[in-house]
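The values are calculated or read from the model by the stated rules, or taken from the named source; none is laboratory data. Just so it is clear, the structure is predicted and the values come from calculations on it, not from any experiment. All Cβ positions, glycine included, derive from the backbone under ideal geometry; neighbour counts span all protein chains shown.
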Amino acid sequence: MSQTTRSSLLQQLVSAPPTKDATLLIERYILLQIIGEGQYGKVYKAVHRRSGVMVAMKIISKIGRKRVEIETYREEMRLLQQLDHPHIINLIEYFETDSDIYIVTELCKCDLAVHLKRSGGYLKLETVRNIALQLVAALQYLHSLGVVHHDIKLPNALISLDGRIKLCDLGLATQLTKDGSPTYVHALKGTPLYMAPEMLLRARYTNKADLWSLGVVVYELYVGRTPFRTDSLADLKHNIIEEDIIWPKTIPSQLKSFLDGLLQRDPAKRAPWRRLRRHMFLLSNDTEEEALARDATLAEDSRFHYNAETKKLRLN
């Protein structure tokens, strides 16, 4: 399905009133198995009848949900409809019945949280660099459109069937401007473990808050835990706002330099995109285009299991 055709179809579906039954679902898709489940509903592996293409279908019940919750999903679909990037999840179509919301996207293998767990809790440096490069590309694209994601974290980055990183879950995203110019946000959105200090202080913030969250994600992929982890929310907030980051002694200098550009408490001191995308940690001796072309996929052999001695070194 071409991008033009998909956009035309989405425009009709997003603006269309709910249908009275699930005829559209039955006519177009065969549900195969549940691959995810939560408070939001269920995610099925499904197949498109006519093309045979495997997809993921999220089915969200409207029953018992507030109107504002339902509208949040619709807003996310409207936003996804505008996006076209190799490292952002591809929305195939969206439709509603009187009782349910159906969101059809490309099928992915798993999210980065699952991948990290399967890999023994640690990833080798080259894999971390690979993932960071793709997340940086996706996030800069969003920011160029004036979009703040608000919830960058491991579960919101998927690995596609061809091994590419796909940023997803834009339900909390805010579209601020069309030209990408800085605009301030006041709403508190996101996951506390990954929130920037200015968000926890309930100060106004910009898309620079996403850069902090990205730094937390990249740190976690290499070290095996987030920079600030405690048993209480109050302690977590205090540590993020006040305490220094504990850097493992063995962290590579280029990675630490890259993370330093993201994990600055003062948003104004966080690295600009032009510096981040050209950072030596991401590019090594490549140009940006060469690096993305060479490392666009996360191959199966990128899973890396460390022995106990290596794990100990990472955490010290």
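Annotations for the structure displayed:
- Checking each residue in the range 79-96 for being in contact with a strand residue (DSSP E or B) (Cβ under 9 Å, 6 or more places away or on another chain), closer than 16 Å to GLY146 by Cβ and not in a strand (DSSP E or B) picks out LEU79, LEU80, GLN81, GLN82, LEU83, HIS85.
- Flag for LEU25 being modelled with pLDDT of 90 or more and surrounded by 11 or more Cβ atoms within 10 Å (Cβ to Cβ): no
- Which listed residue is among the small types (Gly, Ala, Ser) and under 30 Å from HIS279 (Cα atoms), from SER51, SER99, SER119: SER119
- For the range 226-259, a residue qualifies if it is within 23 Å of the chain's Cα centre (by Cα), assigned to a helix (DSSP H, G or I) and within 22 Å of ALA203 (Cα to Cα), and the qualifying residues are LEU233, LEU236, LYS237, ILE240.
- The residue of the range 119-141 that is surrounded by the most Cβ atoms within 10 Å (Cβ to Cβ), among those that are modelled with pLDDT under 95 and over 21 Å from SER253 (Cβ atoms), is SER119.
- Which numbered condition VAL216 fails, given (1) touching a residue at least 12 places away in the same chain (Cβ under 8 Å); (2) in contact with a Leu (Cβ under 6 Å, 6 or more places away or on another chain): (2)
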